[in-house]
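Chemist: Structure below; questions to follow.
The values are calculated or read from the model by the stated rules, or taken from the named source; none is laboratory data. Computed from a predicted structure; not experimentally measured. Quick reminder, even Gly has a Cβ in these numbers, built from the backbone with ideal geometry, and neighbours come from all protein chains shown. We work out accessible area using only protein heavy atoms, side chains counted, and drop any ligands, DNA or RNA first. Shrake-Rupley method; radii C 1.70, N 1.55, O 1.52, S 1.80 Å.
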Amino acid sequence: MTRSVRPFQKESGSLTAFPYVSRKAMPASGSWSAASLSSFALAHSSARTGRITQSIRRYSPVPAPEPSDFGVVPGYYSPRPAPAHGRTMRLRPLRSVEFMTRPKGIEAVGLTKRYGDRTVVDNLTFTVRPGAVTGFLGPNGAGKSTTLRMLLGLDAPTRGHATVGGRAYAAHTAPLHEVGALLEARSVHPGRTAHHHLMALAHTHGIPRSRVTHVLGLAGLTDVAHRRVKGFSLGMGQRVGIAAALLGDPATVVLDEPVNGLDPEGVLWIRTLLKSLAAEGRTVLVSSHLMSEMALTADHLVVIGRGRLLADTTVADFVRDSAQGVVKVVTPEAGLLSELLTAPGVDITSPAPGTLEVRGTDGEHIGRTAAAHSIPLFELAPRTASLEQAFMDLTRDAVEYQATPLEGAAA
Amino acid sequence: MSTPAHRVTPGRVLRSEWHKLWTLRSTWITLLTASALTLGIGLLMGATYTTGGGDGDVDTVLLVLIGIQFAQIALAVLGILVTAGEYSTGMIRASLTAVPRRLPVLWSKAAVFGAVTFTLTLVTAFVTFLTAQLFLSGTDQAASLGDPDVVRALTGSAAALTLLGLIALGLGALLRSVPGTVGAFVGGVMILPEVLAMLPYDIVGDAVEYFPSKSVEALVSAQAVPGAASPGAALLALVLWAAASLTAAALLLKRRDV
């Protein structure tokens, strides 16, 4: 089962699809009048009373920040003042208009990584567009983390290149504004408190303390901010990483397996957060080996296996394709029926004598064909593959570490 | 469009490394240990010294600062933790994601560590010397800051310890493992020269005088040590060792995957 690889498409008008393009119309920074600020605030607070904002408020694990937190910090302004109708836990912007008007998204071109004679990532080309959550799927060892590390300039590709926001990651003057990344859960010194960890990162960009407090609150870490990360659970450690990713108000968010170790509430929080980040026009790339999780969160899918691109598709297409499923047929005339059903696009296998598994056609067609030729059917059972099954079918040949049945277990 | 207000500058990376250094307990523990060892052993030497006890030929500054033999290990461990500690914990990924140009992180680490270590060891050296001299007045090891080369030797001890720590910091960035680097430092920098000095070749013996541990000794002595390098040459040797260690670390930091 292969899917078409979508080439990089330049969508010149795509920015207008995002809610924050109206920032273009804002006056240049530094010339804010009270009138323009309040009219802008009005426009935005009305635009933001959507479902996502409300669900964030409902599921947010922590109390919302005081509205006074939205005040102007010297050196920049907050273009989204507190809405009048109540508090939200939306990620506050740190800086001004410009990032929404810059080219965004992630582009990987022929990305290849070899360690010795082992090719971990093999000629990977894909595009991640802003305004949507893109799931980066693959079984363990497929090369997801290596690809993400190459995007962030931590690993150098053997061949090919990757750009984030139109440039190589290292070429950005303010990388934390460009990309917020959660790599392996523990990219934190366990001896430091969550607050100091974030402060250390914030200092490199001159990001103020208030912002650190804000993202810690957003991640539900306010109460443990001054405890050393050493004592944190896996899920809390994950939240520290996510807080760090949001620190710079990034145009692109890259999260490697963010739901690992999170409790159900945390998983729900991540889903809502990712969707709201995408709704704000940000580029969101989330890796996972769980198709079911991605089906709930992602709009778009990039599936890899053994370092190769297997699918670059929308979740909707993936669901539709996988819904075709398999029809199990039990008949004494398996050979004849198999011949009759053979057609382009129809795949027939015989897992046991007298049993057929037919892909690419439906039960009705099989039943009518059998009836027309007086073939008795003992069983005609369409099985709709789950998303998880579809994902496993897609990646079966590409699984790096396949479990083998235990000896004797079959006996 | 204008560049964002919150961009990376060398000063900000320096500020970040300063923050990182002081927000770990290991920093306080190693620095206090180094100071306490220098001061404690110095006072012990002063309090127990008797004229004619057989130590009359020992250099007066070297005698009271004999504790730096142990302090240097604590400071080297700190230098190693500053770099290799980030690799052991995974923090380096966060650091280099924030500063993807990478080298400013290394330079800032070296600068912050160097400044802190030099200040602390300088103050410790003077305090140790002055308090130990309270006990030593009236003995043949009585000396004052006005004596020739005493201030030079005390300042030299701070420079020597700082440079030794920078060698360790560079090694830590090269080897990226705390235990591995501590082993390499103790074995390669502290023990190896002693072993080499036992070889019956003059050229090896001469070369060993410019190895870090021997250079430290030459720098800390107020009187010239017979057969050893001059203080100026010893300082130069240490600077070159530290520069070599940091340069190698920088080259690999730029090239290697994290």
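Chemist: Amide H of A:T193: which non-local residues (sequence gap of 5 or more, or other chain) have their own amide H closer than 5 Å, using H built in the peptide plane?
Modeler: A:V229
Chemist: Once the other residues with Cβ under 11 Å from the Cβ of B:Y49 are scored (Lys, Arg +1; Asp, Glu -1), what is the net sum?
Modeler: -2
Chemist: I've got another one for you. Taking the Cβ of A:V327 as the centre, find all other residues whose Cβ is under 9 Å away and add up their charges (Lys, Arg: +1; Asp, Glu: -1).
Modeler: +1
Chemist: Using a 10 Å cut-off on Cβ to Cβ distances, tally the other chain neighbours for every residue of A:170-176 and report the average as a whole number.
Modeler: 6
Chemist: HN-Hα J couplings of the stretch B:210-221 from phi, Karplus 6.51/-1.76/1.60, θ = phi - 60°, integer Hz, Gly and Pro as x?
Modeler: 9, 6, x, 5, 6, 5, 4, 4, 5, 6, 8, 7
Chemist: Further, regarding this structure: Where in the stretch B:172-214 are there chymotrypsin sites (Phe, Trp or Tyr not before Pro) that are in a DSSP coil and have at most 10 other Cβ atoms within 10 angstrom of their Cβ?
Modeler: Loop-located and lightly packed - B:Y201.
Chemist: Here is a further query. Whole number in Å², please: accessible area per residue of the stretch B:10-251, 1.4 Å probe, ligands, DNA and RNA not counted.
Modeler: Heavy-atom accessible area per residue stands at 41 Å².
Chemist: Next up: Hey, can you grab everything whose amide H is under 5 Å from the amide H of B:A222? Only 5+ residues off in sequence or another chain; H modelled, so Pro and N-termini drop out.
Modeler: B:T60, B:V61, B:L62
Chemist: Quick one: accessible surface of A:D393, probe radius 1.4 Å, all protein chains present, in square angstrom to the nearest 10.
Modeler: 40 Å²
Chemist: Can you tell me which of A:107-120, B:238-251 comes out highest on packing, and rank the rest after it, using the mean Cβ neighbours within 10 Å?
Modeler: B:238-251, A:107-120
Chemist: Can you tally the net charge around B:G156? Count Lys and Arg as +1, Asp and Glu as -1, for every other residue whose Cβ sits under 13 Å from the Cβ of B:G156.
Modeler: Charge balance near B:G156 sits at -2.
Chemist: Go ahead and estimate [θ] at 222 nm for chain B from helices alone: -39,500 (n - 2.57) per DSSP H run with n ≥ 4, summed, over the residue count, rounded to 500.
Modeler: Result for chain B: -24000 deg cm²/dmol, rounded to the nearest 500.
Chemist: Sorting B:E217, A:E257 by accessible area (1.4 Å probe), largest first, what list results?
Modeler: B:E217, A:E257
Chemist: I would also like to ask the following. Quick one: accessible area per residue over the stretch A:242-386, 1.4 Å probe, rounded to a whole number of Å²?
Modeler: So the stretch A:242-386 comes to 39 Å² accessible per residue, rounded to a whole number.
Chemist: What FRET efficiency would be calculated for the residue pair B:K254, A:T158, taking the C-beta separation as r and a Förster radius of 22 Å, to the nearest 0.05?
Modeler: 0.80
Chemist: Across peptide B:19-26, how many C-beta atoms of other chains are within 10 Å of each residue C-beta, on average?
Modeler: Counting Cβ atoms of other protein chains within 10 Å of each residue's Cβ and averaging gives 5.
Chemist: Continuing with the same structure: Between the helical axis of B:103-136 and the dominant principal axis of chain B, each derived from Cα atoms, what acute angle in degrees is found, rounded to the nearest 10?
Modeler: 20 degrees
Chemist: Taking amide hydrogens as modeled 1.01 Å from N in the peptide plane, which residues meet the under 5 Å criterion relative to A:T252, leaving out close sequence neighbours?
Modeler: A:V179, A:G180, A:T283
Chemist: Further, regarding this structure: Leaving out ligands, DNA and RNA, calculate the buried accessible area for the pair A and B with a 1.4 Å probe, summed over both sides, in Å² to the nearest 100.
Modeler: 3300 Å²
Chemist: Related question: Efficiency by 1/(1 + (r/R0)^6): what FRET value for B:A142 and B:W22, r their Cβ-Cβ distance, R0 = 51 Å, to the nearest 0.05?
Modeler: After rounding to 0.05, the efficiency reads 0.85.
Chemist: Expected output is a single nm value to one decimal: the length gained when fully extending between A:V109 and A:A371, i.e. 0.36 nm times separation in residues minus the C-alpha distance. What is it?
Modeler: 89.1 nm
Chemist: Separate question: How many nm is it between the label spots at B:I203 and A:A170, if each spot is 7 Å from the Cα in line with the beta carbon?
Modeler: Placing both labels 7 Å along Cα→Cβ, they lie 4.0 nm apart.
Chemist: Would you mind putting A:355-364, A:335-344, A:193-202 in packing order, based on average other-beta-carbon counts within 10 Å, highest first?
Modeler: In descending order of packing, they fall as A:193-202, A:355-364, A:335-344.
Chemist: How much of B:L161 can a 1.4 Å solvent probe reach, expressed as accessible area in Å² and rounded to 10?
Modeler: Its accessible surface works out to 10 Å², give or take rounding.
Chemist: I would also like to ask the following. Grab the beta carbon distance between B:I191 and A:N140, set R0 = 41 Å, and tell me the FRET efficiency rounded to 0.05.
Modeler: E(calc), rounded to 0.05, equals 0.40.
Chemist: Classify the stretch B:58-214 as rounded, prolate or oblate from the Cα gyration tensor: take a ≥ b ≥ c as the square roots of its eigenvalues, call it rounded if a/c is under 1.5, otherwise prolate when a/b beats b/c and oblate if not.
Modeler: Since a/c reaches 1.5 but b/c is at least a/b, the shape of the stretch B:58-214 is classed as oblate.
Chemist: Ok, one more. Would you tell me the mean number of C-beta atoms belonging to other protein chains that fall within 10 Å of each C-beta in B:82-95, as a whole number?
Modeler: Counting other chains' Cβ atoms within 10 Å and averaging over B:82-95 gives 5.
Chemist: I've got another one for you. Order A:H365, A:H205, A:H189 by their accessible area, 1.4 angstrom probe, all chains in place, largest first.
Modeler: A:H365, A:H189, A:H205
Chemist: In addition: Longer than 24 Å from Cα to Cα, which of A:K104/A:K144; B:K109/B:K214; A:K104/B:K109; A:K144/B:K109 are they? Say none if no pair is.
Modeler: Too far apart for the 24 Å limit: B:K109/B:K214; A:K104/B:K109; A:K144/B:K109.
Chemist: How far apart, in nm, are the 7 Å Cα→Cβ label points at A:S292 and A:F378?
Modeler: Simple spin-label model gives 3.3 nm for this pair.
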